[in-house]
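Asks: What follows is a single structure, and I will ask about it in a moment.
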């Protein structure tokens, strides 16, 4: 499991983009979708909490400070075993020197953010962590454990003879294959949301269900590649065909849309004046 990494290796890997749930484009997309769905009261509260900091740019802050905050390492994911379907806090979210898991972290930071009497710096950091972590948990490889470090140990044969890994494919590799810049990609997601809106049920604030839904995508789509076996990474790099990338792009698009809508719902609920 990712928690078993030795400290030196951990320090090096934390700096690697391959451990991020989404690249900058993905996290910015989540934040931009969320920002478009905040109520005026919530937007005012967010502006007050963040001060001069930008909501969208704050979406990557938790990755930027990760190496300096070793206690936050496990907050970016939750290790629900591949063969399981439900979250078990005792099994999947134990307290360790590197933190517990994304579900527990979001619950704590919601308490801080929703408390107007809390320290201003603590509330600002809580908001930035939440913006990032809601995005993180929607990346399927941050909600499933197959003893392959979230897909980092699954080597993938990329274009031009390069070798990448499964986590990188789902971080941003599948997104980049579209050939769109960030603005164009976010417009695509927003336009598609108009045609395929998020339902009230899907938008309801239930972090455990969000994680369990992402886990299902991990089983159905992420690990649905040639030569897959549920006992560990293949010995040789996997070749992913166009059909796999198309499924991945469809799943990623919807996960980013859901993450944005749900982030907005969570913030609207947490920062509601009537709360």
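The values are calculated or read from the model by the stated rules, or taken from the named source; none is laboratory data. In this text the structure is predicted, and so the values were computed from the model without any measurement. In this analysis, Cβ positions are derived from the backbone assuming ideal geometry, glycine residues included, and neighbour counts consider all displayed protein chains.
Asks: Somewhere in the stretch 211-224, is a residue surrounded by fewer than 17 Cβ atoms within 10 Å (Cβ to Cβ), under 16 Å from the mean Cα position of the chain (by Cα), under 27 Å from residue 87 (Cβ atoms) and touching a residue at least 24 places away in the same chain (Cβ under 8 Å)?
Replies: Yes, because at least one residue in the stretch 211-224 is surrounded by fewer than 17 Cβ atoms within 10 Å (Cβ to Cβ), under 16 Å from the mean Cα position of the chain (by Cα), under 27 Å from residue 87 (Cβ atoms) and touching a residue at least 24 places away in the same chain (Cβ under 8 Å).
Asks: Separate question: Just checking, how many residues over the stretch 254-273 are assigned to a helix (DSSP H, G or I) and under 14 Å from residue 41 (Cα atoms)? Walk me through it before giving the result.
Replies: At the first step, the residues of the stretch 254-273 found to be assigned to a helix (DSSP H, G or I) are 254-270.
Subsequent filtering for residues that are under 14 Å from residue 41 (Cα atoms) retains 264-270.
Adding up the residues that qualify gives 7.
Asks: Show me the helices (runs of 4 or more DSSP H) found entirely inside the stretch 30-112 where at least 3 residues are surrounded by 19 or more Cβ atoms within 10 Å (Cβ to Cβ) and at positive phi.
Replies: none
Asks: Hey, among the residues in the stretch 228-242 that are more than 24 Å from the chain's Cα centre (by Cα) and part of a loop (DSSP other than H, G, I, E, B), which one's nearest to residue 168 (Cα to Cα)?
Replies: So, considering only residues that are more than 24 Å from the chain's Cα centre (by Cα) and part of a loop (DSSP other than H, G, I, E, B), the one nearest to residue 168 (Cα to Cα) is 237.
Asks: Let me ask something else. Answer yes or no: is there a residue in the stretch 177-185 that is part of a helix (DSSP H, G or I), touching a strand residue (DSSP E or B) at 6+ places or on another chain (Cβ under 7 Å) and either at negative phi or without any contact (Cβ under 8 Å) to a residue 12 or more places away in the chain (or both). Lay out the reasoning, then the answer.
Replies: Here is the first cut: in the stretch 177-185, the ones part of a helix (DSSP H, G or I) are 182-185.
Then drop every residue that is not touching a strand residue (DSSP E or B) at 6+ places or on another chain (Cβ under 7 Å), which leaves none.
No, the stretch 177-185 has no match at all.
To keep it simple, each residue is scored yes or no on (1) under 15 Å from residue 22 (Cα atoms); (2) not in a helix (DSSP H, G or I).
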| residue | (1), (2) |
| --- | --- |
| 118 | no, yes |
| 132 | yes, no |
| 148 | no, yes |
| 189 | no, no |
| 214 | yes, no |
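Asks: Go through the stretch 14-29 residue by residue and tally those that are assigned to a helix (DSSP H, G or I) and modelled with pLDDT under 75.
Replies: Counting residues in the stretch 14-29 that are assigned to a helix (DSSP H, G or I) and modelled with pLDDT under 75 gives 4.
Asks: Could you grab me the full set of residues in the stretch 150-175 that are in a helix (DSSP H, G or I) and in contact (Cβ under 8 Å) with a residue 60 or more places away in the chain?
Replies: Here is the first cut: in the stretch 150-175, the residues in a helix (DSSP H, G or I) are 159-161, 166-175.
Within the stretch 150-175, 166, 167, 168, 169, 170, 171, 172, 174, 175 qualify.
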